[in-house]
Every structure is written in structure tokens, then in C-alpha cells.
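Asker: What follows is a structure written as C-alpha cells; I'll ask about it next.
Read-outs throughout are calculated quantities, based only on the coordinates presented, and are distinct from any laboratory measurement. Keep in mind the model is a prediction, meaning the values are calculated, not measured. Backbone-built Cβ (ideal geometry, glycine too); neighbour counts: all protein chains shown.
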Amino acid sequence: MRVTAVVNQKGGVGKTTTTINLGRALARLGRRVLLIDIDEQAALTFHFLGDAAEEMASLYEVIGSRPSATMAETIVMSDVPGIWVMPANDDLALLSNELVVAGVGRESRLAKELAKQTADYDDVLIDCPPSLNQLTVNALVAAHQVLIITEPELYSGRGVVKLLDTIDGVREQLNPLLAVAGVLINKYDSSIDIHVRRSVEIREQLTAGDPPITVMPTIVPRWTTVMRTTDAGADVADFNHPAARKLLGFYADIARTLLDPSVPVLEETVR
């Protein structure tokens, strides 16, 4: 079972959209995929489970101060073949606050519960909140690798560097095997000059670092019309549009790269 935390402390960069579409791409490859939603906004949860999710338990019931359910009892099979969901709800705000004042072992609660699921899933994607709180730290401790999502905006590189410092701290103190799978440039618009320049700068800055950080060769474009299908709970594959077919290819490439970085990607640049 491979666990990937999808992270960035900034909101609106597309973590949830990426997690949803990567999960679907992995499922299309025949993988058994568990999506864990630890963002109290619960956008991933509602994408797959709809309004019924409001009555479902979340990670709070599993690793909160008074656990009342196991992870296996809380995970829900979605209507999408190959995808299961660990729901989120408003209680995650309470969980985050509880973890701040919790004692020894607070950072590894998710890892301990997730270790019990290794026989059930091939891949786990954790959709992290837009902050470096204790829930995100729990995700980093539980993960084998991290996928960082960023936009090619003016100050995006600074946020990535700060996040890499946090990852280094987690690696040194809590999870020595934590790897950075790569940085994914998302919401790219080739008609915007700053996007073109920042994409080049991000790649040059990170690949020249010590250690060098992989920047995914696939760049995901900002196609608003198509991405609204994800917001509405639909599958990009169901959207009859040339851009949708390209997006499917992009996410398939990223999924294969996460599974095996030696596998050549099908799309190396935005066309």
C-alpha cells in the first residue's frame, strides 16, 4: 500500500481537485484506492458521497480524544469502482484543536490506524487542509511520499520552500522514510506571462536545490469549464470536450509517475 499526502498550506491551489482526479486515474488503472479527506471543508467527501456525507462519521471518531469507531468502520465505498472514501466533516476542526494539546504520539495517530488497512488498498491519497496544522503533520507521518501542488504565481515558490522545510522536520523527527514524490504545477495558463516565467523559475529553483526536488513533467492547465465538472461531483471522463480528454491524459501520466517514476509520461508539456 502506497500512501501519498497531497499538500500545500495555501488554499485554492487545487489540492482537492488533484486528489479526486488522481484517485479516479489510479482506479482506472485497476488500483484499489482509498481517499482520506482531512480537510474540514469536505469538498472531496461531497464530490463522491454527496449530502449523505453530513451524517457520516469522520476521522474524528477514529483518532479523536474519545474514539468511537475504527477506520474500517468509517470508510465508505463510493459509487466509483475502485474508490473508497474516508469522509470529512466539521468535526475535523475539533480534532485539529484536540491534537494541538494532546500528549505523546499525537503526530502518529493516523499512521497507526492506517497501518491496519494495508491489505485492503493499493493506494491511499490524503487530501490535506490548507494549513500546516496537526492534521497535516499526521498525514506527513502516515505517508510514504508527498505530492506538493502549486500554482505558477508570483510568491508560490516561497510557500513550497516553507513546506519543504516542514517536510524536512517531519523526516528528521517522525518519519525518516518520507519522500517528496514531486511538485505539480497546477492551473497553468500559457497566455499569462507570469505563469510561463514562474513555471520555468520553479522548475529551475527546485531541481537545482540540495537535494534536488522533482517537478512533475506534466503541467495541469487551467481549463475552468472542464474543472467545474469536478466541483459538481462529475467525472472529467464524462465531459465530452477535447480539453477533458487531454486532462484525462494528464492525470493518467501523473498517476503512473506516482506509481513508478521510471515510467515515461505520455504528455510532457501542455499543448
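Asker: Have a look at L163, L92, L154 and tell me which one the Gaussian network model of the chain (Cα, springs below 10 Å) gives the largest fluctuation.
Answerer: L154
Asker: Using the beta-carbon distance between E55 and H144 and R0 = 22 Å, what value does 1/(1 + (r/R0)^6) give for FRET efficiency, to the nearest 0.05?
Answerer: Working: r = 32 Å, r/R0 = 1.47.
Efficiency, rounded to the nearest 0.05: 0.10.
Asker: Calculate the radius of gyration of the Cα atoms of segment 1-155 to one decimal place, then report Dmax, the largest Cα-Cα distance, as a whole number, both in Å.
Answerer: So, for segment 1-155, Rg and Dmax equal 14.4, 45 Å respectively.
Asker: Continuing with the same structure: For segment 26-164, what relative contact order do you get, as a whole percent, if you take Cα pairs closer than 8 Å and at least 6 residues apart? Kindly include the intermediate steps, with their values, before the conclusion.
Answerer: Numbers: 201 pairs, mean separation 42.0, N = 139.
After rounding, I find 30 percent.
Asker: How long are the semi-axes of the ellipsoid equivalent to segment 2-259, from square roots of 5 times the Cα gyration tensor eigenvalues, in whole Å, largest first?
Answerer: On the way: eigenvalues 151, 105, 50 Å².
Over the Cα atoms of segment 2-259, the ellipsoid semi-axes are 28, 23, 16 Å.
Asker: Related question: So which lysines pass the test for K15, namely a Cα distance under 22 Å, with those fewer than 8 places away in the same chain ruled out?
Answerer: Result set, ordered by chain and number: K162, K187, K246.
Asker: Compare P152, P221, P212 in a GNM of the chain, Cα atoms joined below 10 Å, and give the one with the largest fluctuation.
Answerer: P212
Asker: If I take every Cα pair under 8 Å that is 6 or more residues apart in segment 2-259, average their sequence separation and divide by the length, what percent do I get for the relative contact order?
Answerer: Values: 467 pairs, mean separation 63.1, N = 258.
Contact order relative to length: 24 percent.
Asker: Within a 10 angstrom radius of the beta carbon, how do I194, I126 rank from fewest other beta carbons to most?
Answerer: Working: I194 12, I126 29.
Neighbour counts put them in this order, fewest first: I194, I126.
Asker: Something else now. Among G157, G105, G12, whose mean-square fluctuation peaks in a Gaussian network model of the chain (Cα, cutoff 10 Å)?
Answerer: It is G105.
Asker: Where does each of T18, T45, T166, T70 land when they are ranked from fewest to most other beta-carbon atoms within 10 angstrom?
Answerer: Numbers: T18 22, T45 27, T166 16, T70 13.
Least crowded to most crowded, the residues run T70, T166, T18, T45.
Asker: Under a plain spin-label model, where a point goes 7 Å from the Cα along Cα-to-Cβ, how far apart in nm are T118 and E172?
Answerer: 2.8 nm
Asker: Treat the count of other C-beta atoms within 10 Å as a stand-in for reagent exposure and order W223, W84 from fewest to most. Walk me through the numbers on the way to the answer.
Answerer: On the way: W223 18, W84 21.
The most exposed by this proxy come first: W223, W84.
Asker: Sticking with the crude label model, points 7 Å out along Cα→Cβ, report the distance from R228 to D260 in nm, one decimal please.
Answerer: Modelled inter-label distance: 4.0 nm.
Asker: So, one more: Can you give me the distance in nm between label points at A69 and V101, each placed 7 Å from the Cα along the Cα-to-Cβ direction?
Answerer: Placing both labels 7 Å beyond Cα along the Cβ direction yields 2.5 nm.
Asker: Reachable aspartates and glutamates from K10, Cα under 16 Å, same-chain residues fewer than 8 places away excluded?
Answerer: Those aspartates and glutamates meeting the cut-off are D39, E40, D127, E151, E153, D165.
Asker: Another question, then. Mind checking the full-extension length gain between V200 and A237? Use 0.36 nm per residue of separation minus the Cα-Cα distance, one decimal, nm. Don't skip to the end; give the middle numbers.
Answerer: On the way: separation 37, 0.36 × 37 = 13.32 nm, distance 2.98 nm.
Contour length minus Cα-Cα distance gives 10.3 nm.
Asker: Once amide H atoms are placed 1.01 Å from N in the peptide plane, what residues at a sequence separation of 5 or more from R2, or on another chain, have their amide H within under 5 Å of its amide H?
Answerer: HN-HN under 5 Å from R2: D123, V124.
Asker: Enumerate the calculated ³J(HN,Hα) couplings along segment 182-199 in order (Karplus 6.51 cos²θ - 1.76 cosθ + 1.60, θ = phi - 60°), each rounded to whole Hz, writing x wherever the residue is Gly or Pro.
Answerer: Using θ = phi - 60°, the values come out as x, 10, 9, 7, 10, 6, 7, 10, 5, 7, 9, 4, 5, 5, 5, 5, 5, 4 Hz.
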